[in-house]
Amino acid sequence: MSALVCLWIGWAGIGGIRPAWAEPESVRSVRVHAEAEERAPIDRAVVEFVILSEGKLPDDAEKKDEARFAEVQRQVEATLGKKRAWRTSEIRLAPVMTEGKGKREGKEQIAAYRVIRTEAIELAEFSRVGELLAVLFRAGVDEINGVEWISDRVEALYRELLGKAMAKAREKAECLAKASSVQLGPVLSIQEGGGPIHPMVRFRGSAMASALNAPSPVPISGGEMKIQASVQVVYRLW
């Protein structure tokens, strides 16, 4: 009798009765993407710039760097006032290598030392960014990395927009479910499409050269910035 029971179990696993470890049926679902955007007022701007100073010895390069930065500060404060938020991002000393001559030909040697200073200035009156850029160019900074626009409402507004994007996503999913004659089920997954971004205007050599020759302050557009939020949602279908 026990032998017959074992044979029946083996047949049931191979035949039409489904084994317990078989793969489950695939879940029917719909994936939708939605966005929401709004404009926020610009509250302030941050301008980042670079000063490069060289000297035969490290002390020479450092002294030259301090003198050049002091002159930049003097010119900025003379034009825009002393109440400016200065922020040092980096001060780095590096050797300047050159190819040797004579007996040292083919071998690199230290020719000088260079200080790379990266500074940022925060400007509450963002409408005066053009004046600030013109002063920096005249003071002889070596590079302006860019102008970053900042709004104090970005984080709060972004969270609001995420809620609006989710509402749009559900509306899309309900429309697709109705058109397919199925019912919309619960959310299976949500993917956020990035986060709030502070827009930045970047400057390179040609833009700097044009600004240096400009008779009036560099024109900068501002006022508002676009905030955008997006989501990708997967809903189950019944």
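Could you tell me which residue of the stretch 124-144 is nearest to A85 (Cα to Cα), considering only residues that are of a type in the set (D, E) and at pLDDT 90 or above?
In this case the residue turns out to be E131.
Which one is nearest to the chain's Cα centre (by Cα), of the residues in the stretch 51-69 that are farther than 10 Å from P95 by Cα and basic (K, R)?
So the residue we want is R68.
Would you confirm whether or not the stretch 198-209 contains a residue that is modelled with pLDDT under 80, part of a strand (DSSP E or B) and crowded, with 16+ Cβ neighbours inside 10 Å?
Yes, that holds for at least one residue.
Which residue out of L184, L136 is within 30 Å of L237 (Cβ to Cβ), surrounded by 17 or more Cβ atoms within 10 Å (Cβ to Cβ) and not polar (S, T, N, Q)?
Going through L184, L136 in turn, just one is within 30 Å of L237 (Cβ to Cβ), surrounded by 17 or more Cβ atoms within 10 Å (Cβ to Cβ) and not polar (S, T, N, Q): L184.
Which residues, taken from the stretch 90-119, are over 17 Å from E54 (Cβ atoms) and modelled with pLDDT under 95?
Residues satisfying the conditions are E99, G100, K101, G102, K103, R104, E105, G106, K107.
Being more than 57 Å from the chain's Cα centre (by Cα) and surrounded by 10 or more Cβ atoms within 10 Å (Cβ to Cβ) is the filter; apply it to the stretch 11-50 and report the residue that is modelled with the highest pLDDT.
The residue in question is A12.
Please determine whether any residue of the stretch 49-65 is farther than 16 Å from E143 by Cα, hydrophobic (A, V, I, L, M, F, W, C) and without any contact (Cβ under 8 Å) to a residue 24 or more places away in the chain.
No, every residue in the stretch 49-65 fails to be farther than 16 Å from E143 by Cα, hydrophobic (A, V, I, L, M, F, W, C) and without any contact (Cβ under 8 Å) to a residue 24 or more places away in the chain.
Run V115 past the list (1) crowded, with 17+ Cβ neighbours inside 10 Å; (2) in a helix (DSSP H, G or I) and report the number of the one that doesn't hold.
(2)
Pairs only if they're at least six apart or on different chains, beta carbon under 9 angstrom, first in the stretch 89-111 and in a strand (DSSP E or B) and exposed (fewer than 11 other Cβ atoms within 10 Å of the Cβ), second modelled with pLDDT under 90 and among the hydrophobic types (A, V, I, L, M, F, W, C); list them, first residue then second.
The qualifying pairs do not exist here.
Scanning for something touching a helix residue (DSSP H, G or I) at 6+ places or on another chain (Cβ under 7 Å), within 24 Å of P41 (Cα to Cα) and not hydrophobic (A, V, I, L, M, F, W, C), does the stretch 105-124 turn up at least one residue?
No; the residues of the stretch 105-124 include none that is touching a helix residue (DSSP H, G or I) at 6+ places or on another chain (Cβ under 7 Å), within 24 Å of P41 (Cα to Cα) and not hydrophobic (A, V, I, L, M, F, W, C).
The values are calculated or read from the model by the stated rules, or taken from the named source; none is laboratory data. A quick note: this is a predicted structure, and the numbers were derived from the prediction, not measured. In this analysis, Cβ positions are derived from the backbone assuming ideal geometry, glycine residues included, and neighbour counts consider all displayed protein chains.
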